[in-house]
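Comments concern the structure below.
The values are calculated or read from the model by the stated rules, or taken from the named source; none is laboratory data. Computed from a predicted structure; not experimentally measured. Please note: Cβ atoms are built from the backbone with ideal geometry, for glycine as well, and neighbour counts cover all protein chains shown. Each accessible area value is taken on the protein alone, full model and side chains, heavy atoms only, with ligands, DNA and RNA left out. Shrake-Rupley method; radii C 1.70, N 1.55, O 1.52, S 1.80 Å.
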Amino acid sequence: MKNIKKMILTLAGLFALQTATIMAQTEWKERVSAMMAKLTVEEKIDLLCAKGPAIPRLGIPAYDWWNECLHGVARAGKATVFPKPIGMGSMWDAELMKRIGDVVSDEARAKYHKALRDKGYSDRYEGLTFFSPTLNLARDPRWGRTSECFSEDPRLTGDMGAAFIRGLQGDDPRYLKLVATAKHFVANNEENRRRDGSSDVDEVSLHEYFFPAFKESIEKGGATSVMGAYNALNGTPCCANHYLLTEVLREQWGLDGVVMSDGSAVTNISALHKYKATYHEGAAAALLAGCDMSLRDEYRDGLRYALRENLVSVNDINRAVERVLTLRFRLGMFDPQEQVPYSRIPDTIVECAAHRQLALEAAHKSMILLKNNGILPLNSKKIKRIALIGDAFTQVYYGDYSGRPEYNTTLLEAIKTAAGKDTELLWVNDGDKEATIPSIYLMRPEKDAYDGRLGFTGEYFNKNATEGDALISKHDLSLDFLPAGNHDLLKTPALSARWTSSLAPPSTGDYTLIYEGEGFVKIYLDGRSVTEQKVDPRHPATAQVRLDAGKKYDLRIECTGINKQV
């Protein structure tokens, strides 16, 4: 009898939940329709751009769609940081993955509502729409984003991704906790021609290997957003691929939400893929294929021109706007904060002791021992001296798309604690070595975030001076410039370049800045010249500088008379 009553109560609860969900869906539809009736076409197009301006007359605040939470709330200051996804995949624990999603979304909600209280709107990295998780498969370690993936296995990736999404989006029948965005759809798994290449995949591989994790993220995880990839699939750019974005995502798998382009993917439809002749034709192709939003705001101009030339209709724009606004309503953005249950999460929950403990549990479970030849476990009573070699023991590296924990423990500190006072630790660094400055220590201004903040801004001039307007300006992740690789620069009568960024050294000490190449180079730190030298392959420019950890230095490198044949 008790089991029967329990089953009846469970069924009643499920029925109540479904009824509440249906009622909420009806309400959202009515409220979205009412708001859309008051929007101009230009305002609607603005809402299809990641950085949306405020529309005060309708009570729509400014909102930036771009946020990251790959392994914790990223780029928003203090946050609990979990192992990178490649480590979390090694946990083989979907239930733990969901708990991690719960914690991440708690911290995200706390940050969002604090931003609203402090200034009335949320800026980039303070919102509720997150570009995570990455569900591409780690099939080639040479791919630059392998650490963002859970696994090379589609089943494991799907299970972990769906669990993470459920934790992020919550289980409230009325409101979404966050919007999770599964990315990058699809077959975006290699570095070679990542922005303009075509992944040519047969039907069996597509359905049995590349699709399953994304399918599970929608059907089991309930993902409300998907990001299209840079690359083409069998010749058609993913962000202009009707088969992928409409037939598969919506019609076959039932996506109820928003499709977002990857950064500059809409521009690349014409500029790199040459799939369409013009910028606005590329924007039209993306919208008609089912891409609702442009990450780098290409729709703002692209769709205005496309509309004038009858490449898209107002109804096409309305379809995308309705999806975008529905998600914002479901997040509670147009309701009083006190009405949204997640608004009551306190700020003190960010990187609290319980969250740090969960991160430690995840770290423990992420470790995999491939082989033990009898050495482990170590006998602390017999070991009196331990040699530790390398900078990795004294630095904490969380990777990109990461928060900044206040509680950081190096491997050296952890081993000291574990070894005890009776064991002698001997640590030496890797020794003096020349190396390209890692991009993680180079940060461009916030205004460049849409193109990527890590690395340099490179400006290239078709003359023997770095003045006036640059012929080409671009994002350079590192300073490893090869002029011969750029056909436009090879045509110029002369060539000069300027690279700028801010440098944050990992530790205090004396550094040697080295520039190798050919020409006349000037290196500046905080506007002060540290070297001016003529360089050639046998005589690089060097500068001895003292740098302090925790301080950012404006770094500028200018070189004139560059040998274009290098």
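Side notes on the structure shown:
- The residues listed here are VAL312, VAL321; of these, the one that is touching a residue at least 24 places away in the same chain (Cβ under 8 Å), outside any helix (DSSP H, G or I), over 23 Å from the mean Cα position of the chain (by Cα) and buried (at least 18 other Cβ atoms within 10 Å of the Cβ) is VAL312.
- Cβ pairs under 8 Å, 6+ apart, first in region 171-187 and under 14 Å from LEU331 (Cα atoms) and in a loop (DSSP other than H, G, I, E, B), second open to solvent by less than 10 Å² (accessible area, probe 1.4 Å) and basic (Lys, Arg): LYS177/ARG109; LEU178/ARG109
- Test: residue in region 329-345 that is in contact (Cβ under 8 Å) with a residue 24 or more places away in the chain and closer than 30 Å to PRO237 by Cβ: yes
- Of all residues in region 253-281, those satisfying the criterion of being open to solvent by 10 Å² or more (accessible area, probe 1.4 Å), of a type in the set (Ser, Thr, Tyr) and assigned to a loop (DSSP other than H, G, I, E, B) are SER264, TYR275, THR278.
- Residues that are open to solvent by 50 Å² or more (accessible area, probe 1.4 Å) number at least 2 in the following strands (runs of 3 or more DSSP E) confined to region 481-566: 509-515, 519-525, 528-535, 541-547, 553-560.
- Criterion (at pLDDT 95 or above, outside any loop (DSSP other than H, G, I, E, B), touching a Lys or Arg at 6+ places or on another chain (Cβ under 7 Å) and not aliphatic (A, V, I, L, M)) met by exactly one of ARG109, ARG99: ARG109
- Scanning region 59-85 for residues that are within 15 Å of the chain's Cα centre (by Cα), outside any loop (DSSP other than H, G, I, E, B) and farther than 11 Å from TYR401 by Cβ yields one hit, ASP64.
- Taken over region 383-403, residues that are β-branched (Val, Ile, Thr) and open to solvent by less than 50 Å² (accessible area, probe 1.4 Å) amount to 2.
- Index of the failed condition, CYS291 passing every other in (1) outside any helix (DSSP H, G or I); (2) farther than 26 Å from ASP451 by Cβ; (3) of a type in the set (A, V, I, L, M, F, W, C): (2)
- Scan of region 202-228 for residues that are in a helix (DSSP H, G or I) and either open to solvent by less than 30 Å² (accessible area, probe 1.4 Å) or in contact with a Lys or Arg (Cβ under 8 Å, 6 or more places away or on another chain) (or both), ordered by number: LEU206, PHE210, PRO212, ALA213, PHE214, GLU216, SER217, ILE218
- Scanning region 436-480 for residues that are within 24 Å of THR512 (Cβ to Cβ) and either among the charged types (D, E, K, R) or part of a loop (DSSP other than H, G, I, E, B) (or both) gives THR436, ILE437, PRO438, ARG444, GLY455, THR466, ASP476, LEU477, SER478, LEU479, ASP480.
- Residue in region 374-382 that is under 30 Å from ALA110 (Cα atoms), touching a residue at least 40 places away in the same chain (Cβ under 8 Å) and either in contact with an Asp or Glu (Cβ under 9 Å, 6 or more places away or on another chain) or open to solvent by 80 Å² or more (accessible area, probe 1.4 Å) (or both) present: no
- For region 211-251, the tally of residues that are touching a residue at least 24 places away in the same chain (Cβ under 8 Å) and more than 23 Å from TYR275 (Cα to Cα) stands at 16.
- Neighbours by Cβ (under 9 Å, 6+ apart or cross-chain): first from region 354-371, closer than 14 Å to ALA79 by Cα and of a type outside the set (Gly, Ala, Ser); second open to solvent by less than 80 Å² (accessible area, probe 1.4 Å) and modelled with pLDDT under 95: ARG356/PRO405
- Residue in region 404-422 that is open to solvent by less than 50 Å² (accessible area, probe 1.4 Å), of a type outside the set (Lys, Arg), out of contact with any His (no Cβ under 7 Å at 6 or more places or on another chain) and within 19 Å of LEU70 (Cα to Cα) present: yes
- For region 463-480, taking the residues that are touching a helix residue (DSSP H, G or I) at 6+ places or on another chain (Cβ under 8 Å) and open to solvent by 50 Å² or more (accessible area, probe 1.4 Å), the one that is modelled with the lowest pLDDT is identified as LEU477.
- Taken over region 62-73, the residue count meeting the criterion of being on the phi < 0 side of the Ramachandran plot and crowded, with 24+ Cβ neighbours inside 10 Å is 6.
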